[in-house]
1. Looking at the structure I just gave you, is ALA96 under 26 Å from ASP136 (Cα atoms) and surrounded by 18 or more Cβ atoms within 10 Å (Cβ to Cβ)?
2. Need the failing condition index for SER32 against (1) open to solvent by less than 40 Å² (accessible area, probe 1.4 Å); (2) under 22 Å from GLN83 (Cβ atoms); (3) among the small types (Gly, Ala, Ser), just the number.
3. Tally time: how many residues in the stretch 86-102 are part of a helix (DSSP H, G or I) and without any contact (Cβ under 8 Å) to a residue 60 or more places away in the chain?
4. Got a number for residues in the stretch 106-122 being at pLDDT 85 or above, not basic (Lys, Arg) and not in a strand (DSSP E or B)?
5. I need the full set of residues from the stretch 69-91 which are open to solvent by less than 40 Å² (accessible area, probe 1.4 Å) and within 12 Å of GLY35 (Cα to Cα), in order please.
6. Name every residue in the stretch 15-29 that is open to solvent by 20 Å² or more (accessible area, probe 1.4 Å) and either among the basic types (Lys, Arg) or within 27 Å of LYS146 (Cα to Cα) (or both), in order of residue number.
7. If ASP150 satisfies all but one of (1) surrounded by 15 or more Cβ atoms within 10 Å (Cβ to Cβ); (2) within 21 Å of MET17 (Cβ to Cβ); (3) at pLDDT 85 or above; (4) among the acidic types (Asp, Glu), what's the number of the condition it fails?
Amino acid sequence: DGTTNMNITGVSSTPNMADVLSMMIEVTPNLSSVGLLYSPEDPDSLYQNHILEKYLDQAGIPWKEYSFYSSSMSTAAARELAQYACLECSVLYIPAESSLKDKQDTIRNVALELNTPVVGGDEYIGDRTLVSMYNDPFDQGYNAAKTAYDLLVKGKKPQSMPIINCSS
């Protein structure tokens, strides 16, 4: 039911990973393997990749993770890792709200050079990818306001309220 049974509630901005995989399959005719790019310093990226990995396994699509250390990795090292990922995988995925924003232009340029599509999970990344799926900011704000109203005006308890996943 989406409740945590703890003193936690809110609105999730994570895109629906089943929809992300469906979109990835639709826009990548020669999909044979997926490169999951992430920063180990970013727990939300790890979480999103973990969910997507389960869907990829169910679909029988091989995947491999590529760890970009966003705060310490040089542009040359990022370029080399992006080249390696593009040569091994038929499409790359960058999670929503990823901390790889400072490496995104390097990743995009390498992917363009090697004709490897990149799928993103938010608006910033979407400006630098083939296609992106992210939640509508208005929908997120509206649901956050509804949650605040239920807490502050109606007196609902967080443990009885679900965490709302906005539709993709």
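The values are calculated or read from the model by the stated rules, or taken from the named source; none is laboratory data. Keep in mind that what you see is a predicted model, and the values were worked out from it rather than measured. No Cβ is skipped: glycine too gets one built from the backbone with ideal geometry, and neighbour counts run over all protein chains shown. These area figures cover heavy atoms from the full protein model, side chains too; ligands, DNA and RNA do not enter into them. Shrake-Rupley method; radii C 1.70, N 1.55, O 1.52, S 1.80 Å.
1. yes
2. If we test SER32 against (1) open to solvent by less than 40 Å² (accessible area, probe 1.4 Å); (2) under 22 Å from GLN83 (Cβ atoms); (3) among the small types (Gly, Ala, Ser), just (1) comes out false.
3. From the stretch 86-102, those part of a helix (DSSP H, G or I) are 86-88, 99-102; that's our starting set.
Now drop any that are not without any contact (Cβ under 8 Å) to a residue 60 or more places away in the chain, which leaves 86-88, 101-102.
Final tally of qualifying residues: 5.
4. The qualifying residues number 11.
5. LEU81, ALA82, ALA85, CYS86, CYS89, SER90, VAL91 - these are the residues of the stretch 69-91 that are open to solvent by less than 40 Å² (accessible area, probe 1.4 Å) and within 12 Å of GLY35 (Cα to Cα).
6. Result: ASN16, ALA18, ASP19.
7. That leaves (2) as the condition not met.
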